[in-house]
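The values are calculated or read from the model by the stated rules, or taken from the named source; none is laboratory data. The shown structure was predicted, so the numbers you read here are calculated from the model rather than taken from an experiment. Cβ placement follows ideal geometry from the backbone for every residue including glycine, while neighbour counts extend to all protein chains displayed.
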Amino acid sequence: MSKTQHSALIRDDGRPVGRPFRKGEGGRPKGARNKLSEEFLEALFADFQANGAQTIERVRTEKPDAYLKVIASILPRNLNVAVNETTDLSDDELRMRIRDLECTLKPFLSQSSNRGRIQ
């Protein structure tokens with residue numbers, strides 16, 4: 001970009017075109033957004049204290065889809081639920097469980113293998 005083209009993007013008061021304020025001036029005062037968020041959360045908390053349990057129950061019964069949506073939104077994205085009763089077993093305990101399972105399944109396995117045979 002040439003110097004002439006660059007100067008065309010600067011206003012007479014020295015501000016770049018498309019920027020309403022000089023750096024460090026104007027705009028939202030520092031902390032304004034935090035104050036708004038803080039006041040909103042305080043109001044939300046007060047409302048929840050007064051009506052929370054009843055509202056949750058009402059939404060659950062009248063709008064179960066919205067209820068589930070809220071639950072899903074507060075759950076962690078990666079929820080790793082693994083139920084494994086064998087994690088803490090020793091090798092000997094695992095072998096014993098496998099033998100017990102084999103004994104339990106053996107009658108069913110022998111019946112299914114005999115079904116296809118002609119006697």
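Some points to look at:
- Only one entry of 36, 89, 79 meets the criterion of being outside any helix (DSSP H, G or I), surrounded by 11 or more Cβ atoms within 10 Å (Cβ to Cβ) and at pLDDT below 90, and that entry is 89.
- Among the residues making up the range 1-17, a single one is of a type in the set (Gly, Ala, Ser) and at pLDDT 70 or above: 14.
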